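Any read-out appearing in this document is the output of simple, stated calculations on the displayed coordinates, not a laboratory observation. Just so it is clear, the model here is predicted, and its values are computed rather than measured. With ideal geometry, Cβ positions are generated from the backbone for all residues, glycine too; neighbour counts draw on all protein chains shown.
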Amino acid sequence: MWYAKPSGAYSINSDEAANNMFEMYNLLHDEFTDEAIAGILGNIGAEGGYNPWRWQYDKYNPKNGYGLVQFTPASGYIDEYGKGLIGYSPNLSVTGKTPGATPEDGKAQTYVIKHDRAGKYLDRRSWCNYYDLSNTYPYSKFKQITDIEEATIAWLFNYEAPADRGQDVAQYRVGLANTCYTIITGNPPPTPTPTPTPPSPTPAPPLPIGGRKLPLMYYLRRV
């Protein structure tokens with residue numbers, strides 16, 4: 001069962017947010033890892049606030065963002081790639097429910113996300129100077145990510161690409177993603193496997209003083 005309201009976000013710990021997360025999980029888990037889904041959900045917490053009817057700035061404007069992932073412009077989803085999908089029923093107001101609108105619009109939005117009908121997942125890996133995103137493109141690779149932090153930051157850059165993609169923004173969303181992972185799986189987030197540190201090379205034996213071999217007579221005397 002989906003939940004939606006004309007404006008505002010749902011708290012990540014609310015029943016409404018949890019229900020919407022499970023609805024998305026049920027639609028995505030056949031193609032996406034749990035970690036990839038958590039990465040998407042962590043970003044949604046900072047974008048649409050788990051509310052399918054959420055309008056950017058809580059103001060109705062088809063030129064701005066709309067929905068779970070803030071499709072921008074909203075008119076793209078409303079007039080084009082969302083139309084005709086099962087559940088499609090956007091709410092065109094921030095003060096009340098408009099005719100035909102239902103929370104099931106979240107289902108249509110999730111289908112758009114799953115198949116990237118909006119064409120939002122683009123290769124922006126080189127934009128990130130604080131995390132290695134080399135293995136997060138194309139979209140088929142993202143779907144198989146097994147690290148929550150990697151998935152969250154990849155979605156931030158390659159899909160959402162907001163004006164501020166700084167490290168503080170990323171880590172805030174990673175925190176949300178970890179909470180989402182626990183909600184959808186019932187388990188604590190897995191601890192990432194650290195990259196092994198290569199062993200230090202065995203140091204070469206020191207040369208005698210001066211960096212030269214001693215005369216043969218020196219070794220004969222020692223023997």
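Normalising by residue count, the chain has a Cα convex hull of 176 Å³ per residue.
Checking the Cα-Cα distances for Lys59/Lys141; Lys97/Lys141; Lys83/Lys141; Lys63/Lys114 against a 30 Å cut-off, the pairs over it are Lys59/Lys141; Lys97/Lys141. Spin-label model, Asp123 to Lys143: label points 7 Å out along the Cα-to-beta-carbon direction sit 1.9 nm apart.
For the chain, what does -39500 (n - 2.57) per DSSP helix run (n ≥ 4), summed and divided by total residues, give at 222 nm, in deg cm²/dmol to the nearest 500? Don't skip to the end; give the middle numbers.
On the way: 7 runs with 75 residues, N = 223.
Value at 222 nm, helices only: -10000 deg cm²/dmol.
For the range 123-190, what class follows from the C-alpha gyration tensor (a ≥ b ≥ c being the square roots of its eigenvalues): rounded when a/c is under 1.5, otherwise prolate if a/b is larger than b/c, else oblate? Oblate shape, in that a/c is at least 1.5 and b/c is the bigger or equal ratio. Other residues lying with their Cβ under 11 Å from the Cβ of Met24 contribute a combined charge of +1, Lys and Arg counting +1, Asp and Glu -1. One chain, two ends: Ser134 and Gln167. Fully extended at 0.36 nm per residue, the span grows by 10.2 nm beyond their Cα-Cα distance.
Gain on full extension, evaluated as 0.36 nm per residue between Asn64 and Ile86 minus their Cα-Cα distance, stands at 5.6 nm.
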